[in-house]
Amino acid sequence: MKKWFLVAAVALSCAVIHADDIEKIETLSSKVILQNTDGYFVFSDGSCWKAIGFSKRWRSLSEWWNNVQLVPAHYECVPNDWFLGTQIEIYPKRQALKVDEADASNQEALKQCTHLLVNTRTAQVLFAIALTPAECIVQLSKEMHKDGYDQGFHKGRLETYTNATNIYNDGYAAGYKIGYAEGCKAVARDR
């Protein structure tokens with residue numbers, strides 16, 4: 001009976017010890033970074049991932065006063081901080097998460113993530129969603145289209161504002177010049 005209890009205890013302790021085991025280690029082969037700082041990674045095994053950085057929420061006045069750190073420093077990174085050729089450790093999120101997602105301003109996006117990516121060189125951590133190549137292409141094209149639309153919209157709006165300002169200034173200058181000339185003529189006639 002003691003032997004079976006000992007075997008069960010050893011098996012249980014091994015299960016607990018290996019709960020934080022790495023799912024796999026891969027090399028970052030390529031990446032695409034969006035304007036919102038999210039990124040799409042392709043690893044050396046051909047797997048596709050959407051990587052999202054932890055964006056801290058604003059601290060309350062008492063948290064700021066007491067210098068409360070919402071998240072460890074190695075969670076404060078974005079996908080653009082990672083270089084091609086970097087070794088990445090992939091962990092399941094439910095087993096390796098060591099921060100509170102409620103401290104993130106992008107917690108809705110982080111809730112959708114299934115994995116954590118850990119940069120072996122810097123120990124930085126990103127949240128990730130595993131994607132099939134087809135899902136990756138579809139999501140990336142939609143987000144790139146949205147980025148292009150937003151960029152074009154802002155550029156067009158700025159140009160329209162600039163054009164409207166130039167038109168107003170030109171009209172004001174022309175009106176001022178005509179009004180000044182007519183005012184001078186009116187004064188000369190009155191004399």
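Rundown of residues vs (1) among the charged types (D, E, K, R); (2) within 15 Å of Q124 (Cβ to Cβ); (3) modelled with pLDDT under 90, yes/no style:
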site	(1), (2), (3)
F5	no, no, yes
V10	no, no, yes
A15	no, no, yes
D20	yes, no, yes
N36	no, no, yes
I52	no, yes, no
W58	no, no, yes
V68	no, no, yes
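When you go through (1) farther than 22 Å from Q35 by Cβ; (2) surrounded by 10 or more Cβ atoms within 10 Å (Cβ to Cβ) one by one for R189, which number turns out not to apply?
(2)
Could you grab me the full set of residues in the stretch 64-97 that are among the aromatic types (F, W, Y) and either more than 20 Å from C113 (Cβ to Cβ) or not assigned by TED's automatic domain parsing to the domain that holds L110 (or both)?
Of everything in the stretch 64-97, those that are among the aromatic types (F, W, Y) and either more than 20 Å from C113 (Cβ to Cβ) or not assigned by TED's automatic domain parsing to the domain that holds L110 (or both) turn out to be W64, W65, F83.
Restricting attention to the stretch 127-154, report how many residues are of a type in the set (V, I, T), over 16 Å from I33 (Cβ atoms) and touching a residue at least 24 places away in the same chain (Cβ under 8 Å).
Going through the stretch 127-154 one residue at a time, the tally reaches 1.
Do we find that C113 is modelled with pLDDT of 85 or more and outside any helix (DSSP H, G or I) in this structure?
yes
For the list (1) in the same structural domain as W58 (by TED's automatic domain parsing); (2) surrounded by fewer than 18 Cβ atoms within 10 Å (Cβ to Cβ); (3) modelled with pLDDT of 85 or more; (4) over 16 Å from the mean Cα position of the chain (by Cα), I need the number of the one condition that I137 fails.
In the conditions (1) in the same structural domain as W58 (by TED's automatic domain parsing); (2) surrounded by fewer than 18 Cβ atoms within 10 Å (Cβ to Cβ); (3) modelled with pLDDT of 85 or more; (4) over 16 Å from the mean Cα position of the chain (by Cα), I137 misses (1) alone.
Which residue, of T122, T160, T165, is of a type in the set (S, T, Y) and closer than 20 Å to L84 by Cβ?
T122
List pairs: first in the stretch 101-116 and free of Cβ contacts under 8 Å to residues at least 24 places away in the same chain, second assigned to a helix (DSSP H, G or I) and of a type outside the set (D, E, K, R), Cβ under 8 Å, 6+ apart or cross-chain?
E101/Q107; E101/L110
Looking at (1) within 18 Å of W49 (Cα to Cα); (2) modelled with pLDDT of 85 or more; (3) not β-branched (V, I, T), find the lone condition where R94 falls short.
Looking at each condition in turn, R94 falls short on (2).
Only one residue in E89, E76, E63 is surrounded by 11 or more Cβ atoms within 10 Å (Cβ to Cβ), out of contact with any His (no Cβ under 8 Å at 6 or more places or on another chain) and modelled with pLDDT under 85. Which one?
Checking each option against the conditions leaves just E63.
The values are calculated or read from the model by the stated rules, or taken from the named source; none is laboratory data. What you are looking at is a predicted structure, and each value in this text was computed from that prediction instead of being measured. Positions of Cβ are generated from backbone atoms using ideal geometry, with glycine treated the same way; all protein chains shown enter the neighbour counts.
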